[in-house]
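Down below is the structure, laid out as structure tokens.
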Amino acid sequence: MTNQHVGSELNHKVVLMLFHNDLRVHDNQALHTAARLADNGSLLLAYVSGLADSSTPNWGEAYHFDEMGLARQQFLIESLTDLDASLQNFGNRLLYLKEEHSEQNLDAFIQLCQLIEAQKVTDICVSSTADYAQNLAYRALEDKYPQIVWHYRSTVTLFKSMPTKELPRSFTQFRKKVEYEHNLLSAQDDLVTCQNFAKLPCVPETLGSNDYTFEPRAFDTSVQLEPNFKGGEGQALAHLNAYFDAQAPSDYKVTRNALDTWDHSTKFSPWLANGSLSVKVLLNRLRHYEQEVVANDSTYWIWFELLWREYFCWYGVTHDKDLFLFKGISNRAPSNRHNQQRLEQWQSGETKYPIINACMKQLNSTGYMSNRGRQLVASCFIHELGLDWRYGATYFEQQLIDYDVSSNWGNWQYLAGVGADPRGCRQFNLKKQTQQHDPNGDFMDKWLS
Ligand SMILES: Cc1cc2nc3c(=O)[nH]c(=O)nc-3n(C[C@H](O)[C@H](O)[C@H](O)COP(=O)(O)OP(=O)(O)OC[C@H]3O[C@@H](n4cnc5c(N)ncnc54)[C@H](O)[C@@H]3O)c2cc1C
């Protein structure tokens, strides 16, 4: 099939939606656009695994981690299972493209090209993303198929475009500008839910009913995700209700630094990261809670943290591949060096710092670590162990079920003193932090015994 044939049937649109970090039907503008465009045509809804699984550019032989660890894989598979079920309820289904699923072991990009050509795709809908590697894949497709019309939609951030003219160098400046210039309720604009459709347009008749079927597979039992962390939109919305119904937001600011208690922080990050939960829906729920229950320092602080997420999303868009540079967005690279032995001790939780070891063991067995834990292990990695921060960020990328390219690399840059921190690098006093956050040693006992 040549490029000329693609998109030749102009009256009959064949729309392809590529899911990425927008794995939901609620408040999903990309899906909504795809469904609308395909009204008189057909609709392909696909998730392509391995189109850009790792955000990390290829540093050559430097890194030896798997692209996606077992916990991340499990959470993703659960999320896709849930998405497939939702799409089937609307009369369509999820197409799953993955290298190992092809008889000839064709790589995912080539399979996607075959699908586009065989089905004569006319339009592609995607969510705008800060994911550098994903964007490279989109660019490559745009270049290969110039006749296909692309529709980029905002589904990941609170604001459709960057809420400040330029991205300020620090979070504080960003927050002040956003709070000054924007009505805090502006996220309520333009919510569109796919539930408006009784049905989604169907897949093309030319696609075999067994083609690209999504089949969930068994999980590795060595991973024990916190039972509440189950992937999928259904679970995300259930958690949203449970969190607000329990009135946990009222105390968030005083409890959020806990190392290990479920409702001491919101725990929305894994669902936000893969898009099973819309951040706008979350903010609307918070505003509603403030009107109906209480608006206090704690509820404000949830907004504050969501703004950190927003800041890093636009930081990722702005700094693109500089997110991965050793010198970050600064002028000077740190003097730290890679050391394989120290790296492995840190990874497996075998350093001489018990609080670090407990956090790393928690991460390795559950795929999650508290924000305080992340700050401590990153600070130890950079300052006590003197290591190249990019190895730490890459290990997080492999392990975290809430891995998000901008939040992860942005936070690591920040802590390494090569990012958005005007004060330069931050070192945490591990002894003091242990006394403050684990005074009786309960957290360390749990993970080190
Ligand atoms: C080195 C390092 C790496 C990190 N990597 C990631 C990552 O890959 N993905 C990720 O989602 N978060 C990352 N974070 C930020 C933060 O640790 C997690 O978002 C948070 O711990 C998730 O738990 P929670 O949902 O209970 O957070 P809460 O404390 O309840 O915060 C509410 C929400 O605000 C956002 N948020 C909070 N703190 C931050 C922050 N510092 N930066 C960006 N967003 C924030 C998250 O979306 C979070 O779900 C990282 C932090 C550090 C220090």
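Data table
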| item | result |
| --- | --- |
| Accessible area of the chain divided out per residue, in Å², using a probe of 1.4 angstrom | 44 |
| Once exposed loop GluC sites (Glu not before Pro) are cut out (DSSP; at most 13 other Cβ, 10 Å), longest piece of the chain | 206-349 |
| Unit charges at the beta carbon, dipole of the chain: most positive-side option, TYR391, THR81, LEU430 | LEU430 |
| Charge dipole magnitude, Cβ of K and R +1, D and E -1 - the chain, Cα centre, debye nearest 20 | 1400 |
| Per-residue [θ]222 nm for the chain (sum of -39500 (n - 2.57) over DSSP H runs n ≥ 4, rounded to 500) | -13000 deg cm²/dmol |
| Dipole magnitude of the range 325-448 about its Cα centre (Cβ charges: Lys, Arg +1; Asp, Glu -1), debye to nearest 20 | 440 |
| Those lysines that a straight Cα-Cα span of less than 20 Å connects to LYS199, excepting residues fewer than 8 apart in one chain | LYS13 |
| Per-selection metrics, the range 233-321 (Cα): Rg and Dmax in Å | 13.4, 43 |
| Radius of gyration, Dmax [the range 325-448; alpha carbons; angstrom] | 13.8, 43 |
| Accessible surface of the chain [probe 1.4 Å, protein heavy atoms]: carbon and sulfur percent | 46 |
| Under 27 Å from the Cα of LYS352 - lysines, other chains or at least 8 residues apart | LYS361, LYS431, LYS432, LYS446 |
| Range in the chain, longest, excluding exposed trypsin sites (Lys or Arg not before Pro) [loop by DSSP; at most 11 other beta-carbon atoms within 10 Å] | 1-164 |
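The values are calculated or read from the model by the stated rules, or taken from the named source; none is laboratory data. Keep in mind that this is a model prediction, so the values were computed, not measured. Virtual Cβ from ideal backbone geometry, glycine too; neighbours counted across all protein chains shown. Surface areas here come from the heavy atoms of the whole protein model, side chains and all, with no ligands, DNA or RNA. Shrake-Rupley method; radii C 1.70, N 1.55, O 1.52, S 1.80 Å.
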